[in-house]
Amino acid sequence: MRAGSEARRAIVGAMVGLLYGAVLALLSAFVFGGGHNISTPLLLSSAPVGLLILVGKLLGEPYVGYGYNAALFGAPLLWAVLGSLVALSYRGKALRLTQVLALLHSASGLALIATVGEQHPERLLREDILIWAPAYLAGLGVLWSSLSAASETRRAIVGAMVGLLYGSILSFLSIFAAGGGHGTGIPLVLSSAPLDVFGMAAWHVGTSNVAGHAMLLAPPLVWAVIASLAALSGRGTSLRLTWILALVHYASGLALVTMRRAELLPLRSFANMYVMVNVLVWAAFHLAGQVTLWWRIGTR
């Protein structure tokens, strides 16, 4: 019975890690593509598999392309292994192996950045990298907190990291729903309320770069706080704060959409199937997060 339970833990951990790695690969490809050629997210997400990129650069074309493809497909496999080990990290050997792989991942990622580098480092300041960064930090947070933190602290850290990941995916989906300014901004407002007021204020005073960064960072920050509180146990102050923050999030989101509905709705000429599909994808993912949140609150 015990062996069967541990096998299930390992399989579930591997599946969660595989899904997380696939999200990182998707976000890294999005940042690396689009003509920006920012390889740092892919190097960090896939290390030490990303070492194949360095090998490819030493050998030249077409091996450089092979190295990038290997890193892209290797990221989900790497995190599947780490997820499986994290699920078993309460045991001695699994804990030590997780620690070794976590150190190898972090050290090799830093080594790759120092060795391969960026041809245009200033592009690291682009807004789209802010979509990948919270998702990656979420995974690192879960990984390292699983190795040392106490029970309640670990719950809060893991919850915050899951919230970061959820919020960063909401930001990513909201960009497509916005359609380069021709779609709708409602998903981004609803995902980031009440922090979106800072982005709106920056936008109105003419600092569009600050506004863009604030709007992309707001959903991960909002959901990191809510998920951290929801992850705690008991029915005390943390539960009441979770209720309050969730209700403030909904109320402020609806208020912001109501006040800005004219500028958030797409023009009729741009309200095409592409925008509608992206909005529906965001809505399905957003709804799944809300159901999970209130299920967690109910189990408290």
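The values are calculated or read from the model by the stated rules, or taken from the named source; none is laboratory data. None of these values were measured; they are calculated from a predicted model. For neighbour counting, all protein chains shown are included, and Cβ atoms are generated from backbone atoms with ideal geometry for every residue, glycine included.
Couple of notes before you dig in:
- Residue within the stretch 191-212 that is assigned to a helix (DSSP H, G or I) and at pLDDT 85 or above present: yes
- Leu247 vs. criteria farther than 18 Å from Thr299 by Cβ and modelled with pLDDT of 90 or more: yes
- For the condition under 17 Å from the mean Cα position of the chain (by Cα), modelled with pLDDT of 90 or more and within 18 Å of Phe176 (Cα to Cα), Ser28 qualifies.
- Subset of the stretch 163-183 (residues that are assigned to a helix (DSSP H, G or I) and either crowded, with 24+ Cβ neighbours inside 10 Å or polar (S, T, N, Q) (or both)): Gly163, Leu164, Leu165, Tyr166, Gly167, Ser168, Ile169, Leu170, Ser171, Ser174, Ala177
- Selection status of Val86, of a type in the set (A, V, I, L, M, F, W, C) and in contact (Cβ under 8 Å) with a residue 40 or more places away in the chain: yes
- The numbered conditions (1) modelled with pLDDT under 90; (2) touching a Lys or Arg at 6+ places or on another chain (Cβ under 7 Å); (3) surrounded by 24 or more Cβ atoms within 10 Å (Cβ to Cβ) are all true for Leu188 except (2).
- Of the residues making up the stretch 228-240, those that are of a type outside the set (D, E, K, R) and more than 18 Å from Met161 (Cα to Cα) are Gly234, Gly236, Thr237, Leu239.
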